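Encoded as structure tokens, the structure appears first; notes follow it.
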């Protein structure tokens, strides 16, 4: 037998309604904020992620699924959604369209890492990207969209953490201060942190190694190094969130795992899913479009992992709503009545009634048993007597009541229930 690849997961028919529930909530909240859906390819040229995500990130260094195609081009399965949307924005000249350009996506993504609860090698994201606005109220709107999405799902056991990692000017001063602090301890840090020391010391704050963490918690705080513009931006963001009733914690330890971020970064964090506590994260990335060869266009966005949201909802007992109900199962007692049941079923479907019919030539008893397993609200039986009278004998599976319904009345009857 051929097994599923490690780090991937099948979505069984019995669980698909959970995915539809989350995706439906995502589409609904996106529409309320006037976002339009975008779809980008599952794979892109590797250079896009090298330049966009950053060559000091674990994603680029360790986790990307990269291969050469038959044309000897290096291709990568997308490890995240933002870079592809940014490439689309540039390539299609969207900077000349009315701004801000507000988009969302539901997409698979791929990272080669050790599978664990809430972290797979193939996973799915709901993402939001907004291009064109540099204002803190745009940051706040994105954060509130994420908050509304989580609330609509029934997820309340999360905390919003926010930080500012400044612009390239104030971050340069902070990087020097951070390096000065860590230099005496460099030999005690992990190999990854040592490699980041010169290239991107800010990323060292994101290290999960315990030996490194004890130094990082004592390191200088980036908020103390913000320039006047970045400080004002962050203060305005806090005021807007407070004015709109959004609770938050300032967390100087948040730097996010991607190199393109600047100024505002944020995460919604839960303690109900173990070590992988971030269920949604994002921030501002004002230089990404320019770094990828486009014009200077500011941007902000976030992504939420659907599998991680599902795990959180299951762990905290949040409802996924009801699985779509089967209104009626049409059971035939012989070949002629089965064919009549099939014809009536097609008429019902064309008029919006969810129904099913026997295709296994089961006995009537077996059909009732099968209908019960499907959760049918009604079973409509057609036998030789019903064929003569032009009716079906309908049984309410919840109450046990039975009553005849004429074939020509079937659509109206079931649409009213």
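The numbers here are math on the coordinates, done by the rules we state, and not lab data. Predicted model only: the values in this text are computed from it and were never measured. Here the Cβ is made from the backbone with ideal geometry for all residues, glycine too, and neighbour counts use every protein chain on show.
A few remarks follow.
- Rounded to 0.05, the FRET efficiency of the residue 362 and residue 401 pair, given R0 = 30 Å and the Cβ-Cβ distance, is 0.80.
- Look at 230, 280 and count the other Cβ atoms within 10 Å of each Cβ; fewest to most, that gives 230, 280.
- Between the beta carbons of residue 349 and residue 152, assuming R0 = 30 Å, the FRET efficiency works out to 0.50 to the nearest 0.05.
- Acute angle (nearest 10 degrees) that the helix 364-374 long axis makes with the longest principal axis of the chain, alpha-carbon atoms: 20 degrees
- Near-label residues of segment 154-177 by backbone N, under 20 Å of a point 7 Å along Cα→Cβ of residue 228: 165-174
- With Cα atoms, 0 to 90° folded angle of helix 335-350 axis to the chain main axis: 40 degrees
- The distance from the alpha carbon centre of segment 1-26 to that of segment 59-118 is 21 Å, rounded to a whole number.
- Relative contact order computed over segment 328-415 (Cα-Cα under 8 Å; 6+ residues apart), in percent: 32 percent
- In terms of other Cβ atoms within 10 Å, 192, 343 run from fewest to most in the order 343, 192.
- Principal semi-axes of the equivalent ellipsoid, √(5λ) from the alpha carbon gyration tensor of the chain, are 53, 22, 21 Å from largest down.
- Approximate spin-label separation residue 186-residue 251, in nm, with each point projected 7 Å along Cα-to-Cβ: 3.0 nm
- Normalised per residue, the volume of the convex hull around the Cα set of segment 1-75 (Å³): 176 Å³
- Order of 160, 326, 374 - criterion: other Cβ atoms within 10 Å of each residue's Cβ, fewest first: 374, 326, 160
- Taking Cα atoms only, the orientation of helix 16-32 departs from the longest principal axis of the chain by about 60 degrees.
- Over the chain: helical MRE at 222 nm, DSSP H runs n ≥ 4 each giving -39500 (n - 2.57), nearest 500: -11000 deg cm²/dmol
- Separation of the residue 339 and residue 27 label points, Cα + 7 Å toward Cβ, nm: 3.9 nm
- Principal axis dimensions, largest first and in whole angstrom, of segment 328-415 by Cα: 27, 26, 24
- Label-point separation in nm, residue 48 to residue 296, each point 7 Å along Cα→Cβ: 2.6 nm
- Extension gain for residue 172 to residue 95 (0.36 nm times residue separation, less C-alpha to C-alpha distance): 24.9 nm.
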